[in-house]
Amino acid sequence: MEKIGATERATATEKIAIIGLGLIGGSIALALKHANIAGLHIVGTARTRDTLRAATKLGAIDEEAASPADAVRNARLVIIAAPILTTKAILEEIAPVLDEGTVVTDACSTSGEVMRWAKAILPTHSFFVGSHPMAGKETQGIAAADPNLFQDKAWVISPSVNAPEAAVQTIVGVAQTCGAIPVFMDADEHDSYVAAISHLPFTVSSALFSMAYGSAAWPELASLASSGFRDTTRLASGSPEMMHDIAVTNRDNLLHWIDRFQQELSRYREAIASGDSKTVLETFAKPQIERDNFVAAGPPKRTTEGPKLEGFSVGDMLLGTKVNSYMKKQNEILKDAEAREKKQ
């Protein structure tokens, strides 16, 4: 047995708690289980018993917990994969029972508010490292979970200011184990960028379908709809709860990009209205060339990846010993400072 803070655990078992077992939480659980990490023990909790039973049947979790607080007891890593606006309440619930040195992360679509909640709520003996795997589907729930969902996708990591390197590398290890590419980014910067590349497409997809469906000619339009319309409106089948939480927590950024998109639509309208063949052709040709280049070559290489953790055990991934060592040093410094203050 090794002692971690005030809690003893068997070194043969490393516990990860996953709060929320929908598409993202379930896919993370499956990806970690498929990695065959020795000693890994995943405890999951969800809003419904049906989801918990389904996750157990899929082999995504080893143990069911009745609540977030029950799930995180004795866990070295906590992953919150719940709707954004429920995350604050989850943080409040788990804060009193987190072990010393526990690393907490999330998988929320926006990061700024979550980072601020974590800073205000979580105890100083735990470490929060914000994260957002940039992957998803229009279908939701544990039935849609896929261990390959994150393969070669970006996984944004936004460490809190007090998170030691060991805690950050914990999340790097999780991302890499899931097949993703870690990308380090400030939380508020992340929110601005994903508003353009993720939240706006969802909004446009929904608006396009609403426009067509709201037309008196919808029966005729629907009979003509083919792959182009279906592909472009695919995201409209996504979770309205998720988009509601995004709109609430990332409103200003989303409005900024909606305004930019409206300006771009106006530019296209002006080009079409001009009747000038050269202008119309150039308006559509430039994005076609640039998108083809993007699809062929991928994005510019501006990512910052953590070191590959090949052949590591779950203990190496969670780095519990290093986090605990850091905490002991930090506590010693604080105690020394308090002692000096009392002498003065």
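The values are calculated or read from the model by the stated rules, or taken from the named source; none is laboratory data. Remember, it's a predicted structure, so these values are computed and weren't measured experimentally. Quick reminder, even Gly has a Cβ in these numbers, built from the backbone with ideal geometry, and neighbours come from all protein chains shown.
When you look at LYS137, is it in a loop (DSSP other than H, G, I, E, B) and either within 21 Å of GLU92 (Cα to Cα) or not assigned by TED's automatic domain parsing to the domain that holds GLU264 (or both), yes or no? Considered against the rule, which asks whether it is in a loop (DSSP other than H, G, I, E, B) and either within 21 Å of GLU92 (Cα to Cα) or not assigned by TED's automatic domain parsing to the domain that holds GLU264 (or both), LYS137 comes out as yes.
Could you say whether any residue in the stretch 116-124 is within 12 Å of the chain's Cα centre (by Cα) and in the same structural domain as THR56 (by TED's automatic domain parsing)? So far as the stretch 116-124 goes, no, none of its residues is within 12 Å of the chain's Cα centre (by Cα) and in the same structural domain as THR56 (by TED's automatic domain parsing).
Filter the stretch 50-88 down to the residues that are of a type in the set (Lys, Arg) and outside any helix (DSSP H, G or I), then identify the one that is farthest from HIS34 (Cα to Cα). So the residue we want is ARG73. Filtering SER111, SER67 for residues that are polar (S, T, N, Q), under 22 Å from the mean Cα position of the chain (by Cα), surrounded by fewer than 24 Cβ atoms within 10 Å (Cβ to Cβ) and at pLDDT 95 or above leaves a single hit, SER67. Filter the stretch 186-201 for residues that are assigned to a helix (DSSP H, G or I) and either free of Cβ contacts under 8 Å to residues at least 40 places away in the same chain or aromatic (Phe, Trp, Tyr) (or both); which is farthest from ARG234 (Cα to Cα)? Among residues in the stretch 186-201 that are assigned to a helix (DSSP H, G or I) and either free of Cβ contacts under 8 Å to residues at least 40 places away in the same chain or aromatic (Phe, Trp, Tyr) (or both), the one farthest from ARG234 (Cα to Cα) is GLU189. Scanning the stretch 206-217 for residues that are touching a helix residue (DSSP H, G or I) at 6+ places or on another chain (Cβ under 8 Å) and within 19 Å of VAL248 (Cβ to Cβ) yields a single hit, SER206.
Candidates GLU100, GLU92: the one that is assigned to a helix (DSSP H, G or I), surrounded by fewer than 24 Cβ atoms within 10 Å (Cβ to Cβ) and outside the structural domain of PHE202 (by TED's automatic domain parsing) is GLU92.
The set of residues from the stretch 32-48 being within 20 Å of MET242 (Cβ to Cβ) and either charged (D, E, K, R) or surrounded by fewer than 24 Cβ atoms within 10 Å (Cβ to Cβ) (or both) comprises ARG47, THR48. From the list VAL156, VAL129, VAL183, VAL174, the one residue that fits, being buried (at least 17 other Cβ atoms within 10 Å of the Cβ), in a helix (DSSP H, G or I) and in contact (Cβ under 8 Å) with a residue 12 or more places away in the chain, is VAL174. Selection over the stretch 114-124 of residues that are surrounded by fewer than 16 Cβ atoms within 10 Å (Cβ to Cβ) and not basic (Lys, Arg) gives a count of 3. Residue pairs whose Cβ atoms lie under 6 Å apart, separated by 6 or more positions or on different chains, with the first residue in the stretch 54-66 and of a type outside the set (Asp, Glu) and the second in a loop (DSSP other than H, G, I, E, B), are ALA55/LEU21; ALA55/ILE61.
Checked against (1) surrounded by fewer than 20 Cβ atoms within 10 Å (Cβ to Cβ); (2) over 28 Å from LYS57 (Cα atoms), PRO83 passes all but condition (2). Consider the stretch 159-171 and keep the residues that are part of a helix (DSSP H, G or I) and in contact with a helix residue (DSSP H, G or I) (Cβ under 7 Å, 6 or more places away or on another chain). The one that is farthest from ALA31 (Cα to Cα) is ALA166. Listed by first and then second residue, the pairs with beta-carbon distance under 8 Å, at least 6 apart or on different chains, first residue in the stretch 202-229 and in the same structural domain as LEU255 (by TED's automatic domain parsing), second among the polar types (S, T, N, Q) and in a helix (DSSP H, G or I), are SER205/THR232; LEU208/THR232.
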